[in-house]
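Working notes, beginning with the structure itself.
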Amino acid sequence: MEIDNKNPQLFSNLPLVIAGPCSAESLDQMLAVAQSVKTNPLVKVFRAGIWKPRTRPNQFEGLGEIALPWLLEVKKATGLLTAIEVANADHVEKALKYDVDILWIGARTSANPFSVQDIASSLKGTNKTVMVKNPINADLQLWIGALERLNLAGIKDLIAIHRGFSVADNFEFRNDPMWRIPIELKLKFPELPIICDPSHITGNRDLIFKVAQKAMDLNFDGLMIETHPNPDSAWSDAKQQVTPEKLLNILSQLQFKNNSCQSKDYEFNLDTLRKQIDRLDQDIIESLKYRKSLVEKIAEIKIGQNVSALQIQRFESLLKDRIELAIKHGLDPAMVKDIFGLIHEESIRIQTDLFDQKH
Ligand code: PEP
Ligand code: MN
């Protein structure tokens, strides 16, 4: 992908903040938020939903085109750039007509390659800034695919938005952040800015600070936070919106991290610890190699006695023992369970491969 962010002022050393209501409700509502949030220089973009994808019919689906001139008013009054969600070619055409600065593709739309292609084709030759939210399902390829469709249509000014993934059993949050997925996106496309949307991840205004701080600790390039003058009476996403005062408070409490540090001490200390980690990782690989040789011996014995590879009681007791050990040593039991699940799966694979060779 060829990324070229034409708004360098959006991404300086400090994070970009995008704020504004989930849905545009009136010009007064939008101006009230915009005037207030722009007092923090990190806030450079005003967002508002004009067309709202709703899970069930007969809910408020956005005011539509009548709200587009209000965005122009906001831009004129505050100097903030404007951003809206587009879900089809008609939305794009209207957004271009009203000179909206930044368009974003929502999570439901980025999960649908046909819709993304329609949007990409209608943006050809426009040189717009486009943000792509992760698809609602945890599929990195689909997210990358949406970005690539835009890129192939000549859109180089791309930004990814991490808004979490829909999962069956929601625990703490409305959407599971699964941080490893945006991190993997960053590894694949280091030039692509990624901002975090803690409003849609948490679904709960009391948890927004915590997730926003985590995003800053992980070196995300910015935040999109839904902001409403009177969140409890918002027409959509009432529980997760914050007042402009609360947004300013969150921003003033966040600790921004540097990407690196020039100090000699820092370099030396980190280098020393990383060398120890490299050695430990080598030990882990050697142990896995030795473990594999033991698994092969076990396979020989099982083959000799015509016994199956999978012994479910052994697997259960192995997992139970490793999890207890993890807890005793202060390690995360879920992480240790995952690792030994994988190790055991590999051990069964080695054994069944050997079984096949002997037949
Ligand atoms: C939104 O930003 O208001 C929105 C609908 O978000 P998402 O596409 O992440 O659900
Ligand atoms: Mn919303």
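Compute, for region 206-359, the length of the dipole vector about the Cα centre, with Cβ point charges of +1 (Lys, Arg) and -1 (Asp, Glu) only. Units Debye, rounded to 20.
Taking the Cα centre of region 206-359 as origin, the dipole is about 520 debye.
Return the sequence-ordered ³J(HN,Hα) values of region 62-71 in whole Hz as given by the Karplus equation 6.51 cos²θ - 1.76 cosθ + 1.60 applied to θ = phi - 60°, using x for Gly and Pro.
x, 7, x, 4, 4, 7, 5, x, 5, 5
Under 8 Å for C-alpha pairs, at least 6 residues apart: give me the relative contact order for region 189-321, rounded to a whole percent.
Computed over region 189-321, the figure is 18 percent.
By how many nm would the segment from SER263 to LEU140 grow when fully extended, if each residue of separation counts as 0.36 nm and the alpha-carbon distance is taken off?
40.7 nm
Nothing charged except the Cβ atoms of Lys and Arg (+1) and of Asp and Glu (-1): what's the magnitude of the dipole of region 41-174 about its Cα centre? Round to the nearest 20 debye.
Its charge dipole is roughly 180 debye.
I want the antiparallel fraction of DSSP beta bridges within the chain, as a percent rounded to 5.
The antiparallel proportion sits near 5 percent.
Check each of the chymotrypsin sites (Phe, Trp or Tyr not before Pro) in region 209-258 and keep only those in coil by DSSP with at most 16 other C-beta atoms within 10 angstrom; list them in order.
Sites meeting the loop and neighbour criteria: PHE256.
How large, in percent, is the carbon and sulfur part of the accessible surface of region 98-148 at a probe radius of 1.4 Å?
Whole-percent figure for carbon plus sulfur exposure: 48.
Order the peptides 317-323, 76-82 from the highest to the lowest mean number of other Cβ atoms within 10 Å of their residues.
For the peptides 317-323, 76-82, the packing ranking is 76-82, 317-323.
What FRET efficiency, computed as 1/(1 + (r/R0)^6) with R0 = 45 Å and r the Cβ-Cβ distance, is obtained for ASN88 and HIS329, rounded to the nearest 0.05?
After rounding, the FRET efficiency stands at 0.25.
For THR82, which sequence-distant residues (separation of 5 or more, or a different chain) have an amide H within less than 5 Å of its own amide H, given hydrogens modelled in the peptide plane?
Amide H neighbours of THR82: PHE46, ASP101, ILE102.
Among the chymotrypsin sites (Phe, Trp or Tyr not before Pro) within region 117-178, which fall in a DSSP loop and have no more than 16 other Cβ atoms within 10 Å of their own Cβ?
Answer in residue order: PHE171.
Whose amide H sits under 5 Å from the amide H of VAL132, counting only residues 5 or more places off or on another chain, with H placed in the peptide plane?
Placed amide hydrogens put ILE105, ILE159, ALA160, ILE161 under 5 Å from VAL132.
Calculate how large, on average over all directions, the projected area of the Cα convex hull of region 1-100 is; give the answer in nm² to one decimal.
7.8
Residues of the chain: accessible area per residue at 1.4 Å, in Å²?
54
Can you compute 3J(HN,Hα) from phi for each residue in region 271-280, using the Karplus curve 6.51 cos²θ - 1.76 cosθ + 1.60 with θ = phi - 60°, rounded to whole Hz and x for Gly and Pro?
In residue order, the calculated couplings are 4, 4, 5, 5, 5, 5, 5, 4, 5, 4 Hz.
Rounded to the nearest 20 Debye, what is the dipole magnitude of the chain about its Cα centre when Lys and Arg each give +1 and Asp and Glu each give -1 at the C-beta?
140
Hey, in the GNM for the chain with a 10 angstrom Cα cutoff, which one of GLY145, GLY203, GLY125 fluctuates hardest?
Most flexible of the set in this elastic network: GLY125.
Enumerate by residue number the trypsin sites (Lys or Arg not before Pro) in region 167-236 meeting two conditions: DSSP loop (anything except H, G, I, E, B), and at most 16 other Cβ atoms within 10 Å of the site's Cβ.
none
How much length is gained if the chain between GLN313 and MET1 is pulled fully straight, taking 0.36 nm per residue apart and subtracting their Cα-Cα distance, in nm to one decimal?
Fully extending the segment from GLN313 to MET1 adds 107.4 nm.
Within region 320-338, find all residues whose amide N lies under 12 Å from a label point positioned 7 Å from the Cα of LEU280 along Cα-to-beta-carbon.
331
With unit charges on the beta carbon (Lys/Arg positive, Asp/Glu negative), name the residue among LEU310, LEU294, ILE339 whose Cα is farthest towards the positive pole of the charge dipole of region 290-359.
LEU294
Given H placed on each backbone N at 1.01 Å, which residues far from GLY20 in sequence or on other chains put an amide H within less than 5 Å of it?
ARG47, ILE225, THR227
Calculate, in nm to one decimal, what SER233 and LEU288 gain on full extension: separation in residues at 0.36 nm each, minus their alpha carbon distance.
Gain in length upon complete extension: 14.1 nm.
The values are calculated or read from the model by the stated rules, or taken from the named source; none is laboratory data. Source: prediction; values computed, not measured. Every residue, glycine among them, receives a Cβ derived from its backbone with ideal geometry; neighbour counts consider all protein chains shown. Accessible surface areas use protein heavy atoms only, side chains included; no ligands, DNA or RNA. Shrake-Rupley method; radii C 1.70, N 1.55, O 1.52, S 1.80 Å.
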